[in-house]
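Let me begin by presenting the structure, written as structure tokens, before commenting on it.
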Amino acid sequence: MSVLGAMKLVAAKQERQTDPVQLRRAKLMAALNEQIALAKARQAGESYTATRAKRVKDDSGNVSVVQVPKRLKTWFWTVDGGKVCVAVRYGNKAIELAKGKTAVETTAGELVSTLGKLRDAVAVGELDAQMEAVSVGVRKGFKRQKCWQYA
């Protein structure tokens, strides 16, 4: 018996493009994971520094990958009465969680669990429509403008 004859062969086609909705969810969940790590570090009285990979070329021309600190903006802030507000941001825009409402009010002790619940909501797709609206708005800004026309 041949080697290929012993294997299960199927007619399968690999998809080249990932669903944009899944990409948006993954991006927002990664950002929420960073916010959770930041909140945990602040509660413990420590500092948190997010890092990203960067390619660096040395004097001899060799390229290496190094980890550099990434600027991380906090999505939560303290308001009057010791309450904490959390806004979910996609890009540089705050996502509207309900009509006219862009933040969740919670306590400092429940901040990490609130961020976890928001991450779960993103995972099941509750914020897909809001992310799509923000994404469409961002893409409109990149449309090509006609600066001249043929006479």
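Just give me the residues in region 98-117 being surrounded by 15 or more Cβ atoms within 10 Å (Cβ to Cβ), in contact with a strand residue (DSSP E or B) (Cβ under 7 Å, 6 or more places away or on another chain) and touching a residue at least 24 places away in the same chain (Cβ under 8 Å), in sequence order.
LEU111, THR114, LEU115 - these are the residues of region 98-117 that are surrounded by 15 or more Cβ atoms within 10 Å (Cβ to Cβ), in contact with a strand residue (DSSP E or B) (Cβ under 7 Å, 6 or more places away or on another chain) and touching a residue at least 24 places away in the same chain (Cβ under 8 Å).
Pairs please, first residue from region 130-143 and under 21 Å from GLN22 (Cα atoms), second anywhere and among the basic types (Lys, Arg) and at pLDDT below 90, Cβ atoms under 6 Å, 6+ apart in sequence or on different chains.
That search, which allows pairs on different chains as well, returns VAL134/LYS93.
On the given criteria, is THR74 in contact with a helix residue (DSSP H, G or I) (Cβ under 9 Å, 6 or more places away or on another chain) and more than 24 Å from THR49 (Cβ to Cβ)?
No: the conditions fail for THR74.
In this structure, is LYS93 of a type in the set (Lys, Arg) and touching a residue at least 12 places away in the same chain (Cβ under 8 Å)?
yes
Residue-wise test of (1) in contact (Cβ under 8 Å) with a residue 12 or more places away in the chain; (2) surrounded by 14 or more Cβ atoms within 10 Å (Cβ to Cβ); (3) part of a strand (DSSP E or B).
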{"residue": "LEU38", "(1), (2), (3)": "yes, yes, no"}
{"residue": "THR49", "(1), (2), (3)": "yes, no, no"}
{"residue": "SER60", "(1), (2), (3)": "no, no, no"}
{"residue": "GLN67", "(1), (2), (3)": "yes, no, yes"}
{"residue": "GLY81", "(1), (2), (3)": "no, no, no"}
{"residue": "CYS85", "(1), (2), (3)": "yes, yes, yes"}
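On the given criteria, is ALA103 under 14 Å from the mean Cα position of the chain (by Cα) and hydrophobic (A, V, I, L, M, F, W, C)?
Values: under 14 Å from the mean Cα position of the chain (by Cα): no; hydrophobic (A, V, I, L, M, F, W, C): yes.
Spelling it out, it is not the case that ALA103 is under 14 Å from the mean Cα position of the chain (by Cα) and hydrophobic (A, V, I, L, M, F, W, C).
Can you report the number of residues in region 122-144 which are aliphatic (A, V, I, L, M) and loosely packed, with under 15 Cβ neighbours inside 10 Å?
Going through region 122-144 one residue at a time, the tally reaches 6.
Being more than 20 Å from LEU32 (Cβ to Cβ) and of a type in the set (A, V, I, L, M, F, W, C) is the filter here, so list the residues in region 49-88 that pass it.
Answer for region 49-88, where residues must be more than 20 Å from LEU32 (Cβ to Cβ) and of a type in the set (A, V, I, L, M, F, W, C): ALA53, VAL56, VAL63, VAL65, VAL66, VAL68, VAL79.
The values are calculated or read from the model by the stated rules, or taken from the named source; none is laboratory data. Here the structure is a predicted model, which is why all the values come from computation and not from measurement. As a convention, Cβ positions derive from the backbone with ideal geometry for all residues, glycine included, and neighbour counts pool all protein chains shown.
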